[in-house]
Amino acid sequence: MKKLLLSLAVALSAFTLSAAPVTVDFSTADGLPTAESSTASTATIDGVEFSFVNCKKGTYNKASYLQISGKNYEGNAYMEFKLTEPCEKFTITTGSNASIKVTVQLTANGEKIGESVLLNATSGNFTWTIPAANQAAGTVYRLATSNKYNSQITKIVFNGEGGETPVDPVDPSDLGSAENPCSVTEALNAASALADGKEINAVAKGTIKSIKEISTQFGNATYTITDGTSDLSVFRGNGLNGEKFTSDDAIKVGDEVVVSGKLVNYKGNTPQFTTGSKILSINGGEVPEVKTVDYTDIAAFLAAANTTDQSRITGATTAVYQNGRYLWLKDNSGVVLAYNGGDIEMPKFANGQTVEGGITGKYQNFSEGQLQMSNLVAGTFKAGAQGAAVEAELIQVEEVATDLVNTYVRFEGVTVTEGTAANNYVMSDASGEIALYNQFNDAKYYDVVKVATGTNLTVYGFVAIHSGNLQIMPVKVTSASGKEVVAAPTFNPAAGAVAEGTEVTITCATEGATIYYTTDGTNPTAASSVYSTPVVINEALTLKALAVKEGMDDSAIATAEYTIKAQTPVTGNEAMFNFAEPTTLDPSYKAEGTEQSYLVAEVPNVTFTNNGISVVSTGGSSTARLWKCGTQGHGVEYRVYNGATTTISAQEGMLIKAVEFTGAQLTALQQNGVVLNNATEATWTSAEGVSKVVFDCVTNGTYKRADIATMKVVFEKSSQGIADVELGEEAPAEYYNLQGVRMNGELAPGLYIRRQGNKATKVVVK
């Protein structure tokens, strides 16, 4: 048997337990945090004092666990525990859906105990033997994630004897090597044995049997390899040595290839190399030595357009702007974008700071004209002296042209309005209009840029190209005074016809802003009502909102007009949303084009209705969308992303009893903390029936979105419903202020609207 994991502790030696075993079962424990927070929460469980930072209670297949959330808080997510008795060892048990890639680090009173440990098994046990110097009662132990994966812990046993299953810390995922690749049959068998959502590393040798697609736009290919006995798909793999495919003849049927990457069993029935694999050799050839070609400056690098070799710019450049993966550089000859798609470590460069000569990467013409250096080489981006700041070039919209791509520019006196899709805007001046796309909208990856809407604004940004169309990537928006402008408030649900009693939330992307609103169509001011709770729509009205923050200019006034939606005649007891056939939806969409995969429409906050049931999703880490995905076999799918909420509502007089989903990655959906239990077909039920059910999209293993092909909602017509509302004698009384906001708790003296059933009257509270 392989040795028990001891790398983080003293060597295993015989000892006598001096304290009684203590078991802490997180699946039943009270006091676990329900949401991640950087502020510690505490709980005493079975006599053990715990403190949790960026941890939360999770549920999978109705079993609860403690999650240490390294995915979002790498290095700053942990639990601490302290015992009243000495602790000589403890064992944790991982959950049944735990990641097998999470690493954790143990400390005692702030001192590291050994190296970080890989938790490489689900429902596995991992034992720490504590050095004698760290065993005393009252020692504070901390178990923290040390990479970007979430740990999932169901139980801890302190000072237990027996019962532990030793787990070897060596990653079990190695299958084959560059020098000795496995066969396609071996790779296929290994992948077939994997549970959906799990993966292993492998290097396999085979012959290309067929090629489904080579995409020079995205630089990947989908093809099948064989060893004469078995076939295995390579899904969206990269080319030789991990480079992007730049031509459609880089590989051909009959080529013998060695492929290195991650094996998965997609949906539990499709073993394959998943995205990100690379070809190590073609027809027995050695991996070619990467050739580096020197260019004196940016202009020479761009003019050469060398997509074959690695390029090095020998002269120094100057940083213009850096945000996440994006670093714009200039020298006396030109400008270029260095795109850090590989997330290599590099300094944080300030505007005007010298970047020493020698930066190295590959030339790429991305998106039909966005010239950049990609595949950056670590260690070649070195910070130099701080120089004068690079000023943005003042131009008008009509002057934007392809020769200005990657140029730092500013536009004064412009008008900015919301676009039709998330993070898209339209900027206009007297000379014309152009699209703005806010790349820097996700705080997980970037320093967020707030794009204000309104008139007489100044926009700073970079000229960019998307699919051959010129646009501006904004990095700052200010008023004419030079102050930044508060982002305009947004309404959810959006303006339009809504059911009576709908609650509208108003939000502002500018943190710390105060929102003022009116419901009578007049423009709000700082003397108007302060928004604090959702506005209830009981009649047609015009809702306006203004956001204000000290030190910034006020936002533009946002307006939304609402009407009351008429009840829809209902037949039967089902409502079907067939996203795979988007022309059947209301509103309907048409999937056009012949490509295997493409965007049909972005649909954040779009309400789909059918037979008295409505479905709407907010935006998450990406915009909710209808996407044609030829690889899934169901045509178009409704994609909702991590952080999104999908709300299913029934009109008055109906109760939702069940929601049946088909699609892929459905276990990324959870309702009230309970995850859907099947990735391709899943059903949520309610014995009592509800008028509304909300599903949250969360990161679950490798899944960061849910792909919904169909959604069938089963309902029943309430035996009470509308008739009881019409009688209204026993309906609970609700109170609203004159702005339509529902009041909770004790009412302050004043004038209110009292609603009970179908009756509404004005009342005075003294």
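The values are calculated or read from the model by the stated rules, or taken from the named source; none is laboratory data. Worth saying up front: this structure is predicted, and the values here are computed from it rather than measured. Cβ sites come from the backbone with ideal geometry, for glycine too, and all protein chains shown count toward neighbours. What goes into the accessible areas is simple: the full protein's heavy atoms, side chains included, and nothing from ligands, DNA or RNA. Shrake-Rupley method; radii C 1.70, N 1.55, O 1.52, S 1.80 Å.
Under 5 Å from the amide H of Arg236 lie the amide H atoms of Ala221, Thr222, Tyr223, each residue being 5 or more positions distant or on a separate chain, with H modelled from the backbone and absent for Pro and chain starts. For Asp442, no residue has an amide H sitting under 5 Å from its own, ignoring neighbours fewer than 5 places away on the same chain, with H placed 1.01 Å from N.
Measuring nothing but protein heavy atoms, the accessible surface of the range 541-700 at 1.4 Å probe radius is 45 percent carbon and sulfur.
Hey, if we sort Asp696, Asp255 by accessible area with the 1.4 Å probe, largest down, what's the order?
Most to least solvent-accessible, the answer reads Asp696, Asp255.
Comparing Thr216, Cys182, Gly206 along the charge dipole axis of the range 175-230, the residue lying farthest to the positive side is Thr216, per the Cβ-charge model. When you count the other C-beta atoms within 10 angstrom of each residue and take the mean per peptide, 657-668, 401-412 line up highest first as 657-668, 401-412. In order along the range 133-140, the phi-based Karplus estimate (6.51 cos²θ - 1.76 cosθ + 1.60, θ = phi - 60°) of 3J(HN,Hα) comes to 5, 10, 9, 4, 4, x, 5, 9 Hz; Gly and Pro are listed as x. Once the chain from Asn469 to Asn672 is taken as fully extended at 0.36 nm per residue, the excess over their C-alpha distance is 68.8 nm. Each Lys and Arg adds +1 at its Cβ and each Asp and Glu adds -1 at its Cβ; summed about the Cα centre, the chain shows a dipole of about 780 debye. Dipole size of the range 409-561 about its Cα centre, with +1 on Lys/Arg Cβ and -1 on Asp/Glu Cβ: approximately 380 debye, rounded to the nearest 20.
Of the GluC sites (Glu not before Pro) found in the range 345-394, those in coil by DSSP whose Cβ has at most 14 other Cβ atoms within 10 Å are Glu345, Glu356, Glu368, Glu391. Mean residue ellipticity, 222 nm, helices only, the chain: the sum of -39500 (n - 2.57) across DSSP H runs of n ≥ 4, divided by residue count and rounded to 500, is -1000 deg cm²/dmol. Using Cα positions and a limit of under 12 Å, work out the aspartates and glutamates in reach of Lys483, with same-chain residues fewer than 8 apart set aside. Candidates past the 8-residue exclusion: Glu550, Asp553, Asp554.
Efficiency by 1/(1 + (r/R0)^6): what FRET value for Ile211 and Thr122, r their Cβ-Cβ distance, R0 = 35 Å, to the nearest 0.05? After rounding, the FRET efficiency stands at 0.50.
Assuming 1.002 mPa s and 20 °C, estimate D for the range 506-633 with Stokes-Einstein, Rh taken as the Kirkwood radius over Cα pairs, in µm²/s.
For these conditions, the coefficient is 119 µm²/s.
In straight-distance terms, cross-link reach from Lys244 covers every one of the lysines whose alpha-carbon lies under 22 Å from its own, apart from those fewer than eight places away in the same chain; here that gives Lys205, Lys209, Lys212, Lys252, Lys262, Lys278, Lys291, Lys362. Rounded to the nearest Hz, the phi-derived 3J(HN,Hα) couplings of the range 373-381 under the Karplus curve 6.51 cos²θ - 1.76 cosθ + 1.60 (θ = phi - 60°) are 9, 10, 6, 5, 9, 4, x, 9, 9, where x marks glycine and proline. Per residue, the solvent-accessible area of the range 15-142 (1.4 Å probe, heavy atoms of protein chains only, all protein chains present) comes to 42 Å².
Solvent-accessible area per residue in the range 454-601 equals 48 Å², computed with a 1.4 angstrom probe and all protein chains kept.
When the charge dipole of the chain is built from unit charges on Cβ atoms (+1 for Lys and Arg, -1 for Asp and Glu) and taken about the Cα centre, the candidate among Val765, Leu666, Thr518 whose Cα reaches farthest toward its positive end is Val765. Ordered from largest to smallest accessible area (heavy atoms of protein chains, 1.4 Å probe), the residues Asp249, Asp586, Asp297 come out as Asp249, Asp586, Asp297.
What fraction of the Cα pairs in the range 284-387, stated in percent, has a spacing above 18 angstrom? It would help to have the intermediate numbers written out before the result.
Working: 2281 of 5356 pairs.
Within the range 284-387, distances greater than 18 Å cover 43 percent of Cα pairs.
Solvent-accessible area of Val259, all protein chains in place: 0 Å² (probe radius 1.4 Å, heavy atoms, ligands and nucleic acids excluded).
Around the amide H of Val293, modelled in the peptide plane, lie the amide H atoms of Gln310, Ser311, Arg312, all under 5 Å away and 5 or more residues distant in sequence or on another chain. Candidate values [x] 156; [y] 180; [z] 208 were compared with volume of the Cα convex hull per residue in Å³ computed on the shown model; the agreeing label is [z]. Across q = 0.11, 0.15, 0.16, 0.25 Å⁻¹, the range 389-459 modelled as identical point scatterers on its alpha-carbon atoms has Debye log10 I(q)/I(0) values of -0.28, -0.53, -0.61, -1.28, in the order of the q list.
Positive-end ranking of Tyr363, Phe81, Phe301 along the dipole of the chain, with charges on Cβ about the Cα centre, is headed by Phe81.
What the Kirkwood sum gives for the range 235-320 is a hydrodynamic radius of 15.5 Å, with every pair of different alpha carbons counted. The separation of the range 415-488 from the range 512-581, counted between C-alpha centres, amounts to 23 Å.
Across the protein chains, with a 1.4 Å probe defining accessible surface, the residues Ser230, Ser532, Ser718 rank Ser532, Ser718, Ser230 from largest area downward.
Compute the length gained on full extension between Tyr445 and Asn109: take 0.36 nm times their separation in residues and subtract their Cα-Cα distance, giving the result in nm to one decimal.
117.7 nm
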